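No value in this document is a laboratory result; all are computed from the given coordinates. Quantities reported herein were computed from a predicted structural model and do not represent experimental measurements. Cβ placement follows ideal geometry from the backbone for every residue including glycine, while neighbour counts extend to all protein chains displayed.
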Amino acid sequence: MKKDHYILGIETSCDETAASVVKNGTEIVSSIVSSQIQQQKQFGGVVPEIASRLHVEQITLVIEEALREAEIVPKDLEAVAVTEGPGLVGALLIGVNAAKAFAFANQLPLIGVHHIAGHVYANQLMHPMEFPLLALIVSGGHTELVVMKSHGSFELIGETRDDAAGEAYDKVARVLGLPYPGGPQVDRLALESEQSIDFPRAWLEADSYDFSFSGLKSAVINYKHNIEQKGGQIDPQHVAAGFQQSVVDVLTVKTVKAAKQFDVKQVIAAGGVAANQGLRKSLTEALQKEGIPFYVPPIALCTDNAAMIAAAGYEMWKSGVRSDSTMNGRPGMPLKSWN
Amino acid sequence: MIWLGIDTANSPLSVAIVKDGELLIEESSMMKVNHSLRAMPAVEEVCRKTSISPSEIDAIAVSEGPGSYTGVRIGVTIAKTLAWTLGKPLYGVSSLKSLAMNGQLYNGLLCPLFDARRSNVYSAIYRMAGEELVSVMEDQHCALAELLEQLKEMKEPILFIGEDVKLHEQSIREQLGEQAKFASFAVNVPRASSVISLAMRAEQADSVHSFTPQYRRITEAEVNLVKKEPTNE
Ligand SMILES: [Zn+2]
């Protein structure tokens with residue numbers, strides 16, 4: 001009989017304290033996410049010091065809950081995988097040090113996982129990955145296009161030069177007076193709207209897969225300013241729709257272009273903004289037209305969670321990747337291949 | 001009974017193991033090292049050098065603050081994770097009180113102090129009463145000037161303890177003159193063995209899960225929030 005391999009995943013890179021047990025890299029046995037949204041809401045965004053304080057309060061509870069729900073004891077585990085970076089440094093340090101202490105106490109190998117590799121591997125929990133594949137990672141901290149030719153091999157072909165897509169969403173939400181977190185509300189307003197304001201799209205150089213959203217954000221602010229100076233009022237729905245269309249257009253066109261150029265077998269989307277209905281619809285339709293399979297995990301696996309870290313950790317563990325107790329939280333960690 | 005002690009509350013790092021009332025090993029460094037990088041390796045090292053496996057540890061004592069927010073959190077996170085997963089009791093000890101232990105032979109007031117920037121300090125006042133260190137002024141975050149004013153009124157010799165004392169030595173001397181005493185650098189090293197020694201006489205943490213650092217200060221974001229919201233009084 002083949003032995004099952006269980007990995008404990010831990011994630012604390014931003015404002016969710018999360019732990020999960022994943023079986024054989026593909027099956028979620030438990031996934032606990034303690035979100036700080038309620039506490040951070042009053043500050044209108046994530047305050048790093050508050051995030052760190054809340055992680056310390058939650059960390060052992062969340063890990064215990066993940067093990068209990070999975071009915072797993074530490075000796076059943078193969079390894080502990082933890083988000084090493086990128087993210088908020090103070091927040092990362094809580095997960096990293098908890099993981100190191102847990103690994104030492106239970107004499108388990110320790111594996112430091114890149115947060116984006118985690119988002120990509122969230123898909124492995126739904127569908128087997130087929131290579132080459134193209135991953136679009138869109139969240140509050142990231143906007144990246146990554147080509148993978150095999151497990152553990154990442155080629156970053158495009159990224160944002162300024163704001164991340166999710167960041168732009170949150171800023172525009174604030175301009176529209178929507179409460180934090182505003183991204184999902186902009187999406188909702190946009191979907192309800194019959195009309196949209198025409199905002200610019202930043203295509204950058206013809207051959208570039210990079211993104212830029214700060215110009216769009218300024219265009220929205222200027223638009224509001226101009227109307228209000230003339231004593232008028234903006235229609236938040238029309239603005240949301242126009243903004244969303246601009247973001248989704250650029251993301252979709254560049255993703256489809258890259259998918260064709262790299263002749264990929266599948267395209268996957270990941271990250272918090274991958275939960276955006278407008279983006280999902282646009283990518284699904286555009287890729288269907290090209291006959292390229294497109295997968296996006298359910299919302300709970302798009303936003304930050306520890307199952308994705310355990311899933312990536314499993315592949316790293318299989319490849320013999322190990323960290324030691326000198327592991328540090330790395331806020332600016334680059335995405336590196338392990339294969 | 002085997003105790004593991006950890007102090008990462010400020011830039012120095014100290015870890016120790018006490019077995020049956022005897023200090024087996026203590027490793028302390030005043031180097032400005034990154035605790036996230038160095039704390040767990042130091043814990044592993046003292047265990048390895050004493051041939052003690054993690055499961056043999058009976059109790060964990062940690063310096064709970066005040067101090068550097070990040071430093072305190074790293075020590076507390078390690079300590080609470082170890083205590084929880086090993087199923088052993090956890091003890092939190094004031095970082096100021098454990099530093100005051102360095103002056104336990106001094107006959108007078110003890111004033112451990114950490115710099116908190118902008119002329120503020122984390123400080124407290126203790127004195128020895130028999131074998132025990134008793135609190136004269138609680139651990140707090142305060143303006144140095146305020147602290148010195150209070151000390152002046154006590155009209156007793158005071159021993160200042162901590163590596164940050166040198167940052168404020170001039171102001172202290174100006175305010176307190178001969179009342180202020182400064183010890184050699186050897187007295188300024190926070191010691192994890194002191195954390196253990198105090199933990200032995202302290203109450204264990206009610207719940208490992210809800211154990212959190214004693215920051216002694218709310219965050220800037222919370223201060224601003226209170227300022228924005230007028231009170232209903
Ligand atoms: Zn993320």
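Just report the Cα centroid separation between the stretch B:182-211 and the stretch B:125-146, whole Å.
Distance between centres, Cα-based: 15 Å.
What are the radius of gyration and Dmax of the stretch A:1-156, computed over its Cα atoms and given in Å?
Both quantities, over Cα of the stretch A:1-156: 15.8, 53 Å.
Quick one: Karplus J couplings for the stretch B:175-190, per residue in order, coefficients 6.51, -1.76, 1.60, θ = phi - 60°, nearest Hz, x for Gly and Pro?
So the J values, rounded to whole Hz, are 7, 10, x, 5, 5, 8, 10, 10, 9, 6, 4, 4, 7, 8, 7, x.
What number, in percent, do you get for the relative contact order of chain A if the mean sequence gap of Cα pairs under 8 Å and at least 6 apart is divided by its residue count? Could the numbers behind the result be given before it?
Numbers: 753 pairs, mean separation 87.8, N = 339.
This gives 26 percent for chain A.
Would you please name the GluC sites (Glu not before Pro) within the stretch A:168-230 that are DSSP coil residues with at most 13 other C-beta atoms within 10 Å of their C-beta?
On the way: sites: A:192, A:194, A:205, A:228; in loops: A:194, A:205.
Of the GluC sites (Glu not before Pro), the ones in loops of the stretch A:168-230 whose Cβ has at most 13 other Cβ atoms within 10 Å are A:194, A:205.
Take every Cα-Cα distance within the stretch A:189-337, group them into 5 Å bins from 0 onward, and report for each bin the whole-number percent of pairs it holds.
Histogramming the stretch A:189-337 at 5 Å steps yields 2, 8, 12, 15, 17, 15, 12, 9, 6, 3, 2, 1, 0 percent.
Only helical DSSP H runs with n ≥ 4 go in: add -39500 (n - 2.57) per run for the protein assembly as shown, normalise by residue count and round the 222 nm mean residue ellipticity to 500 deg cm²/dmol. Walk me through the numbers on the way to the answer.
Working: 18 runs with 224 residues, N = 572.
About -12500 deg cm²/dmol.
Which FRET efficiency value, to the nearest 0.05, do you get for residue A:191 and residue A:318 by plugging their Cβ-Cβ distance into 1/(1 + (r/R0)^6) with R0 = 51 Å? Please list the in-between numbers first.
Details: r = 41 Å, r/R0 = 0.81.
Result of the calculation: an efficiency of 0.80.
Report, to the nearest 10°, how far helix A:48-70 tilts away from the longest principal axis of the Cα atoms in chain A, using its own Cα long axis and a range of 0 to 90°.
50 degrees
With label points built 7 Å along Cα→Cβ from the Cα atoms of residue B:182 and residue B:210, find their separation and express it in nm.
Label-label distance for residue B:182 and residue B:210, simple model: 4.5 nm.
Normalised radius of gyration for the stretch A:64-136, please: alpha carbon Rg relative to 2.2 N^0.38 Å, two decimal places.
Numbers: Rg = 14.3 Å, N = 73, 2.2 N^0.38 = 11.2 Å.
Relative to the rule-of-thumb radius for its length, the stretch A:64-136 sits at 1.27.
Using the Cα centre of the stretch B:72-202 as origin and beta-carbon charges of +1 (Lys, Arg) and -1 (Asp, Glu), tell me which of B:79, B:105, B:175 is placed farthest towards the positive end of the dipole.
The listed residue farthest towards the positive side: B:79.
Based on Cβ point charges of +1 for Lys and Arg and -1 for Asp and Glu, what charge dipole magnitude is obtained for chain A about its Cα centre, in debye rounded to the nearest 20?
On the way: 28 positive and 38 negative charges, 55 e Å.
Magnitude of the dipole: close to 260 debye.
Counting only other chains, what is the mean number of Cβ atoms within 10 angstrom of the Cβ of each residue in peptide A:43-51?
On the way: counts 5, 2, 1, 0, 6, 2, 8, 5, 0.
Mean partner-chain Cβ count within 10 Å for A:43-51: 3.
On full extension of the chain, what length is gained from residue B:171 through residue B:44, given 0.36 nm per residue of separation minus the C-alpha to C-alpha distance? Could you put the intermediate results ahead of the total?
Details: separation 127, 0.36 × 127 = 45.72 nm, distance 4.11 nm.
Separation in residues times 0.36 nm, less the Cα-Cα distance, equals 41.6 nm.
Out of A:211, A:166, A:152, whose Cα points farthest toward the positive end of the dipole of chain A (charges: +1 Lys, Arg; -1 Asp, Glu; placed on Cβ)?
Sorting the options by dipole projection puts first A:152.
Decide, for the stretch A:91-245, between rounded, prolate and oblate: order the square roots of the alpha carbon gyration tensor eigenvalues as a ≥ b ≥ c, take rounded if a/c falls under 1.5, and otherwise choose prolate if a/b is larger than b/c, else oblate. Display every interim value, and only then the final one.
On the way: a/c = 2.70, a/b = 1.87, b/c = 1.44.
Verdict is prolate for the stretch A:91-245.
What is the angle, in °, between the Cα long axis of helix B:144-154 and the longest principal axis of the Cα atoms in chain B? Nearest 10 is fine, range 0 to 90.
It works out to around 80 degrees.
Give the Kirkwood hydrodynamic radius (Å, one decimal) of chain A, defined as one over the mean of 1/r across all pairs of different Cα atoms.
On the way: mean 1/r = 0.0490 Å⁻¹.
This gives a value of 20.4 Å.
State the answer as a single residue: which of A:30, A:294, A:279 lies farthest towards the positive end of the charge dipole of chain A, with beta carbon charges of +1 for Lys and Arg and -1 for Asp and Glu, about the Cα centre.
A:294
Measure nothing fancy, just the Cα-based angle from helix A:89-105's long axis to the longest principal axis of chain A, in degrees from 0 to 90, nearest 10.
Result, in degrees: 20.
Simple spin-label model, 7 Å along Cα-to-Cβ: residue A:5 to residue A:198 in nm?
5.5 nm
For chain B, give the share of DSSP beta bridges that are antiparallel, in percent and rounded to the nearest 5; count only bridges with both residues there. Don't skip to the end; give the middle numbers.
On the way: 26 of 41 bridges.
Approximately 65 percent, going by the DSSP bridge assignments.
Compute from the Cα atoms of the stretch B:96-187 the Rg and the Dmax, the latter being the longest Cα-Cα distance, and quote both in angstrom.
11.8, 37
Using the structure shown, select from B:19/B:155; A:100/B:49; B:166/B:228; A:2/A:257; A:217/A:281; A:75/B:19 the pairs with a Cα to Cα distance greater than 30 angstrom.
On the way: B:19/B:155 41 Å; A:100/B:49 19 Å; B:166/B:228 37 Å; A:2/A:257 42 Å; A:217/A:281 23 Å; A:75/B:19 27 Å.
Pairs exceeding 30 Å: B:19/B:155; B:166/B:228; A:2/A:257.
In debye, nearest 20, what is the charge dipole magnitude of the protein assembly as shown about its Cα centre with +1 on Lys and Arg Cβ and -1 on Asp and Glu Cβ, if you could check? Provide the component values of the computation, followed by the final result.
Values: 51 positive and 68 negative charges, 142 e Å.
The dipole of the protein assembly as shown has a size of about 680 debye.
Cross-link partners among lysines for residue B:227, C-alpha distance below 21 Å, same-chain residues fewer than 8 apart left out?
The qualifying lysines are A:41.
Assuming R0 = 56 Å, what is the FRET efficiency of residue A:253 and residue B:132, from their Cβ-Cβ distance, to the nearest 0.05? If you can, show how the numbers build up before the last one.
Numbers: r = 73 Å, r/R0 = 1.30.
Computed FRET efficiency for residue A:253 and residue B:132: 0.15.
Could you tell me how far the Cα centroid of the stretch A:279-299 sits from the Cα centroid of the stretch A:304-332, in Å?
Using only Cα atoms, the two centres lie 28 Å from each other.
What is the distance, in nm, between label points placed 7 Å from the Cα along the Cα-to-Cβ direction at residue B:146 and at residue A:288?
6.5 nm
If the only charges are +1 at each Lys and Arg Cβ and -1 at each Asp and Glu Cβ, what is the size of the charge dipole of chain B around the Cα centre, to the nearest 20 debye? Please list the in-between numbers first.
Details: 23 positive and 30 negative charges, 95 e Å.
Once rounded to the nearest 20, the dipole reads 460 debye.
Based on other C-beta atoms within 10 Å, arrange A:83, A:284, A:143 from fewest to most. Please report the intermediate quantities before stating the final value.
On the way: A:83 33, A:284 15, A:143 29.
Neighbour counts put them in this order, fewest first: A:284, A:143, A:83.
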